[in-house]
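Here's the structure, in structure tokens; my notes come after.
The values are calculated or read from the model by the stated rules, or taken from the named source; none is laboratory data. The structure presented is a predicted model; accordingly, all values stated were derived computationally and were not measured. Note that each Cβ is placed from the backbone with ideal geometry, even for glycine, and that neighbours are counted across all protein chains shown. To get the accessible areas, we keep the full protein, side chains included, count just its heavy atoms, and leave off ligands, DNA and RNA. Shrake-Rupley method; radii C 1.70, N 1.55, O 1.52, S 1.80 Å.
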Amino acid sequence: SLWGAGLIFTLTLYPYVYLLARAAFLQQSASALDVARTLGLGPWRVFFRVALPLARPAIAGGLALALMETLADFGAVSYLSVQTFTTGIYRAWYAMGDRAAAGQLAAVLLGVVLLLTLERMGRRGRAVHNAGARIQPPAPIRLAGWRAALAPLLCALPPVLGFLVPAAALVRLMVLHGPGQVNERFLGAAAASFALALAAAALTVAIALLIAYARRAAPGRATSFAAAIAGYGYALPGSVIAVGILIPMTFIDRTVNAFMIDQFGIRTGLLITGSVAGLLFAYAVRFAAPALEAVESGFQRVTPSVAAAARMLARGPRDALRRVHVPLVAPAALTAALIVFVDTMKELPATLLMRPLNSETLAVLAYGYASDERLESAALPSLAIVLIGLPPLVLLMRRIAGGR
């Protein structure tokens, strides 16, 4: 049902809001909260009138990410038979072969970008800065009685329902009904997933570094516009990006094929449609926004005096970027690479539409088994995606906790 799908998305996507909100609350100083308490506000009013407004940009960013992921999802809604724009685009392209209908459905989803623009316009002219060099973290509130017992239960509910219960069910299916699944098909899908995720992370972070450095070294409308365009790619579902890339790719392939047949009698077929290069380009467009945000946060820690010294001592902008800026923003670039790596591992719509023939990833393999109601076979590739994504998640959590 629609409500069942909504519950699944809630349990799956709440970490987008939680991680960003947690980082925002950790970076808040106790000074602002103490001043509010001295003015007569209680703990709840301090939270709603001071702490929550200060964390609004991070919470809004997390909500936007959760909204975009919900619109972009294909596997869950397809398996649950919930009709969405994403399933309609895939059905129009593959089942009916109607490129025009797929393009029209994809164009409608482009209007979702306006939601991000409206939220940013609502925060125009507002900024939050820390007044001091040192940030004193707020003192923890000690709970007692039934509150002390209820708080950990409520905090444990989302990860238990969203991770432990599904993981236990998958492990049970794999142990009871799925022996011998570590075969050549699974190993090929795992190798393809890892290679694609690694290549997509390297390409996307390289693009993010160039855009962020250009925006810093030569600020202006052109660089700001390029950063804005790159940032809006994450607002588009993978199926929309795939359709937007496949239509011109198909036109180019057909044009080249017709030219070669007319001039030389050689049939070239599809040269770039369904290629790894096209798929990596779709990944770069899809995940440039989180990579750019992480890299720009690293560049913000490079003081203007360090940047000026780098320009004076280096032989040019490229040399300054390679010898000074890249080492300084390496931790932020690593964070961006981890985010893109994890997102690429579980990306499905664009991979289904653009993957080369006779090639599979873990996400495609799990979706294929689930579509055939072979849930015991889908357990192993699903668990593999989770296990590969856990180490980057642990690194990100440690980085957030240590970034106060």
Give the residues of the range 336-369 that are under 18 Å from residue 74 (Cβ atoms), among the hydrophobic types (A, V, I, L, M, F, W, C) and either without any contact (Cβ under 8 Å) to a residue 40 or more places away in the chain or open to solvent by 20 Å² or more (accessible area, probe 1.4 Å) (or both), sorted by residue number. 342
Name the one entry in 5, 51, 21, 32 that is open to solvent by less than 20 Å² (accessible area, probe 1.4 Å), free of Cβ contacts under 8 Å to residues at least 40 places away in the same chain and assigned to a helix (DSSP H, G or I). 51
Do we have any residue at all in the range 186-205 that's assigned to a helix (DSSP H, G or I), open to solvent by 40 Å² or more (accessible area, probe 1.4 Å) and at pLDDT below 75? no
Identify, please: which residue in the range 68-84 is aliphatic (A, V, I, L, M), in a helix (DSSP H, G or I) and modelled with pLDDT of 80 or more and is, among those, least open to solvent (accessible area, probe 1.4 Å)? 77
Every pair of residues 6+ apart whose Cβ atoms lie under 6 Å, when the first sits in the range 94-113 and is under 15 Å from residue 74 (Cα atoms) while the second is modelled with pLDDT under 75 and open to solvent by 40 Å² or more (accessible area, probe 1.4 Å): 102/93
Within the range 240-295, which residues are surrounded by fewer than 18 Cβ atoms within 10 Å (Cβ to Cβ) and polar (S, T, N, Q)? 250, 255, 257, 263, 268, 275
Regarding the range 38-61, can at least one residue be identified that is at pLDDT below 80, under 24 Å from residue 77 (Cα atoms), in contact with a helix residue (DSSP H, G or I) (Cβ under 7 Å, 6 or more places away or on another chain) and not aliphatic (A, V, I, L, M)? yes
What's the total number of residues in the range 151-185 that are open to solvent by 40 Å² or more (accessible area, probe 1.4 Å) and either among the basic types (Lys, Arg) or in a loop (DSSP other than H, G, I, E, B) (or both)? 6
